[in-house]
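Values quoted throughout were computed directly from the atomic coordinates according to the rules given, and no laboratory measurement underlies them. The structure presented is a predicted model; accordingly, all values stated were derived computationally and were not measured. Neighbour counts are summed over all protein chains in view; Cβ atoms, including those assigned to glycine, are modelled from backbone coordinates with ideal geometry.
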Amino acid sequence: MHVCIDLGTSNVRAGWMDHRGNAEGAFVDEPAVVAIPDAGPTVIGKEAEAMIGRHPDAIRLVRPVDGGVVRDFDAAVAVIRHVVRQLGADGIGRRLSVTLAVPSSQSQVDRKAMEEAARAAGAREVRFVESSIAAAIGARLPIDRPTGCLVVLMGGGLTEASLLSMGGIVDSRTVRSGGQAIDSEIVDLLRRQYSFLIGLPSAEQLKRAASQATPEAAFEVRGRNLETGLPGTLRVPRALVEQVIDAYTERIVQLIREAIEACPPELVGDILDHGVVLTGGGAHMDRVVSQLATQIEVPVTAADEPDTCVVRGLMHTRHPKARQGWKSNLTLNVPRMSLAPIRQLLRKSGTEE
Ligand SMILES: Nc1ncnc2c1ncn2[C@@H]1O[C@H](COP(=O)(O)OP(=O)(O)OP(=O)(O)O)[C@@H](O)[C@H]1O
Ligand SMILES: [Mg+2]
């Protein structure tokens, strides 16, 4: 049987198919966190994530993969074993085949480490599909046609802007930073400006709240006042968190610029038609979607269920029906905007006809 796994920096998502390629109902979506105690059994997933910032020294908390790089081999094996078991895809006599999503920027050495981890977890066959291709398929973009699409993958540890056409990657740009870096920057900012220390889970909550299109002007967060050493509550102005989110958006704008600069002019026209599609957990941030749209002046949409695009796309690549021609049903409901910035870019890179 085939198990498709998107083992990300923050989360692991997996689904499986029988030998005829029929998708089974089971699906796993869990934090990619492993808690390894000095003594006792290893804990994986939600239970391990709940320990972040609360665990004693006797427990080591590990994220096995960071931006496509295996940071802890044994933990990666444990997570893959765990999802296979959760799916009910293990069992005696079953030949396990695994398809893994990998960033296009991943080195051969890192890919080999991923493969070894899957084999150590029982896989007899290991295949790779680039995450951006899987994400585009999951977002139902027409990547099998000779028309360009620009998909941005916004993960926990990696942000990737890829230009795809005819089922392949024309250009892909990556920064090894994502949603988790936003969380860390929020922690640093509050420490510097307010001498107030919060944990990463609280910073993530602040990010989620401030990135939504709600009218709240400030958010409360609990932590420790570093001057008094006492616990307390801090009112954090929304603008402060937005500043960190906007710096991340700026990095995405840069990636998109670089991808467009390297792209043939015909494909640029296609991007203007299709717009830019955001996938990955970060695509839930309304503020990033709206800020990006204003800055690049091309329609920007977040895919439906953006965080499961990659694994759904992986499943599609393994499904027989996927190989018999698959139709896009993406409809962009965004007003067409000025093309000036893209034209300007093209002029700058000397690619406009
Ligand atoms: N509603 C939301 N608002 C803001 N950020 C969110 C939201 N939901 C998820 N995220 C962020 O998305 C990130 C996780 O995204 P995702 O699950 O796509 O990453 P991943 O696949 O594990 O990582 P990577 O692909 O980079 O290795 C986290 O940083 C999380 O905080
Ligand atoms: Mg991912």
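The table below lists the values:
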item	result
Karplus 3J(HN,Hα) series, Hz, for segment 273-279 with 6.51 cos²θ - 1.76 cosθ + 1.60 (x for Gly, Pro)	6, 8, x, 10, 10, 9, 9
Under Karplus coefficients 6.51, -1.76 and 1.60, residue-wise ³J(HN,Hα) of segment 72-89 in Hz, glycine/proline x	9, 4, 4, 5, 5, 4, 4, 5, 5, 4, 4, 5, 4, 5, 4, 6, x, 9
Spin-label pair Glu297/Lys46, simplified geometry with 7 Å Cα→Cβ offset, distance in nm	4.7
Global form of segment 152-304, assessed from the alpha-carbon gyration tensor, a/c cut-off 1.5	prolate
Residues whose placed amide H lies under 5 Å from that of Asp66, excluding near-sequence neighbours	Arg71
Three-way shape label, the chain, alpha-carbon gyration tensor, a/c 1.5	oblate
Peptides ranked, highest mean first, by Cβ atoms within 10 Å: ranges 65-77, 235-247	65-77, 235-247
Helical contribution to [θ] at 222 nm, DSSP H n ≥ 4, -39,500 (n - 2.57), averaged over the chain, rounded to 500	-12000 deg cm²/dmol
Nonlocal amide H pairs with Val33, under 5 Å, H built at 1.01 Å	Gly45
5 angstrom amide H check on Val300, placed H, neighbours 5+ away	Val276
Segment 179-243, relative contact order in percent, only Cα pairs under 8 angstrom and at least six apart counted	29
Protection proxy ranking of 117-130, 42-55 - average other beta-carbon atoms within 10 Å, highest first	117-130, 42-55
Anisotropy class of segment 100-148 from Cα gyration tensor, a/c 1.5 cut	prolate
Mean separation of Cα contacts under 8 Å, 6 or more apart, over the residue count of the chain: relative contact order %	17
Translational D in µm²/s for segment 179-243 (Stokes-Einstein at 20 °C, 1.002 mPa s, Kirkwood Rh from C-alpha pairs)	184
Computed FRET value (nearest 0.05) for Val253 with Arg71, which takes r as the C-beta separation and R₀ as 25 Å	0.30
Karplus-derived HN-Hα couplings along segment 165-180 (A = 6.51, B = -1.76, C = 1.60, θ = phi - 60°), whole Hz, x at Gly and Pro	7, 6, x, x, 8, 7, 7, 9, 10, 10, 10, 7, 7, x, x, 5
Segment 2-132, relative contact order in percent, only Cα pairs under 8 angstrom and at least six apart counted	24
Cβ crowding within 10 Å averaged over residues, with 188-201, 27-40 ranked highest first	27-40, 188-201
Evaluated at q = 0.19 Å⁻¹: base-10 log I(q)/I(0), Debye formula over Cα of segment 2-132	-1.05
